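Presented below is the structure to which this report refers.
Bear in mind that the values in this text are calculations on the coordinates, not laboratory data. As the structure is a computational prediction, the values presented were derived from the model and not from experiment. Note that we place each Cβ from the backbone using ideal geometry, even for glycine, and neighbour counts take in every protein chain shown.
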C-alpha cells in the first residue's frame with residue numbers, strides 16, 4: 001500500500017481570498033462610499049454597497065482644512081482618527097448588509113480624504129489613518145495610493161482610468177466621465193484599435209455648484225439641479241469662467257479644491273442673481289467636460305457619466321445639449337454599474353492590484369515615469 005502524501009501545515013494549499021473592499025470619500029466631502037467586489041473571475045462581481053454620511057461638523061472641519069488655517073497639524077491629526085472611525089464603521093455596516101464574513105476579505109482599499117494636492121511640488125495629502133482602520137475593522141488596509149505615482153513624476157490623479165479600462169472598454173470609442181467634486185475624463189479607445197487609454201481632470205464638477213448652494217440656500221447640494229433650473233445662464237459670466245487657463249492646458253493635468261473654490265468664483269462675479277449663477281455654473285461644468293472630450297478625446301462616440309453629477313437632472317440635460325447629436329450621453333447605470341459605485345469599486349480594484357503586485361497607474365494618464373504598484377499595506 002502506497003504511503004499517503006500529507007502536506008505539512010506550512011505548505012498546505014491555502015485558498016486565495018478574492019474579495020476586496022473599496023472606500024472612497026471625494027472632494028464633495030459629503031460622506032464615504034464603501035463597496036465589496038469579488039475578483040475571482042475574469043470580470044469583477046459587485047457584492048454590496050454602504051454609504052456612510054459625514055456628520056455636519058466633520059464636513060465643516062474637512063472643508064476648513066482644505067485651506068490654510070490655525071493649528072492645522074493638530075486638527076488634521078484629530079480628523080484622521082475621526083475619519084478612520086467612520087471608515088471602520090462603514091466597513092462593519094457593509095459586511096453585515098452584504099453578509100460577507102470578515103475572514104473572506106483580502107483587504108480594504110481606503111483612499112482617505114484629500115485636503116491638498118500639489119503634484120507640481122512632489123506631494124499630495126489624503127487624511128487617513130489606516131492603522132486605526134485595520135485595528136477597528138479587523139481587515140487589512142491598503143492606503144496612500146497617490147504618493148507612489150507622484151514620486152515617479154506623475155500627477156497622482158486620476159487613478160480610476162485603469163479600472164475604467166478593465167470594466168468599460170468596448171468596440172466603440174467611449175469616454176467615462178466621473179463628476180464628483182472635480183470632473184475627470186477617461187478616454188477608452190475601441191478594443192481592437194490599439195489606441196492609448198488617456199485621462200485627466202477637466203475642471204470643476206459639483207464643487208462650485210455645491211459651494212454656491214451651501215452659501216445661498218444653506219443646503220449641501222442642489223438636488224437634481226432644481227435650483228439651477230429656476231435661473232438663467234449668464235453668457236458674460238460664463239465667458240469669464242471659461243477664460244481660466246486650466247481649461248485649455250494640455251493633459252496630463254489634475255486639480256482640486258485648492259484651485260477651484262468659492263473664492264475663485266466670487267472673484268469673477270458682478271452682482272448676478274444667485275440662481276442665475278447656479279445655472280451658469282451648471283453650464284460651466286457641462287461645457288468644460290464636452291469641450292475637453294472634443295479637444296483631447298476627439299474620437300469619442302459615447303459619454304457615460306458616473307459620480308454624483310449623474311443624479312443631477314439639470315446637469316445631465318446640459319451635458320446632452322452641449323454634446324449635440326454626434327455624442328451619446330448616458331449614465332453608467334445603462335452599462336450595469338451604478339454611477340455611485342464606480343469610484344469606490346476602482347479603489348477595491350486598486351487594492352486587488354496591490355495584492356497581486358500589479359501596477360495601478362497608467363503613465364499615459366498621470367505622466368509618471370512608468371507603471372508603479374500603488375499603496376501601502378497595514379495588516380489587521
- Query: For the pair residue 125 and residue 104, what calculated FRET efficiency results from E = 1/(1 + (r/R0)^6), where r is the Cβ-Cβ distance and R0 = 30 Å, to the nearest 0.05?
  - Reply: 0.40
- Task: Considering the convex hull of the alpha carbon atoms of the chain, report its projected area averaged over all viewing directions, in nm², one decimal.
- Result: 21.8
- Message: Taking 37 °C and 0.692 mPa s as the conditions, I'd like the Stokes-Einstein D for the range 161-335 in µm²/s, using the Kirkwood hydrodynamic radius from alpha carbon pairs.
- Response: 202
- Of 238, 315, 188, the one that fluctuates the most in a GNM where the chain has Cα springs shorter than 10 Å: 238
- Note on the structure: Full extension between residue 151 and residue 219 adds, at 0.36 nm per residue less the Cα distance, a length in nm of 20.6 nm
- Stretch residue 170-residue 73 to full length: gain in nm at 0.36 nm per residue minus the Cα-Cα span? 30.3 nm
- Task: Compute the acute angle (0 to 90°) between the alpha-carbon long axis of helix 342-355 and the principal axis of greatest extent of the alpha-carbon atoms of the chain; round to the nearest 10°.
- Result: 40
- Mind checking the full-extension length gain between residue 328 and residue 56? Use 0.36 nm per residue of separation minus the Cα-Cα distance, one decimal, nm. 94.2 nm
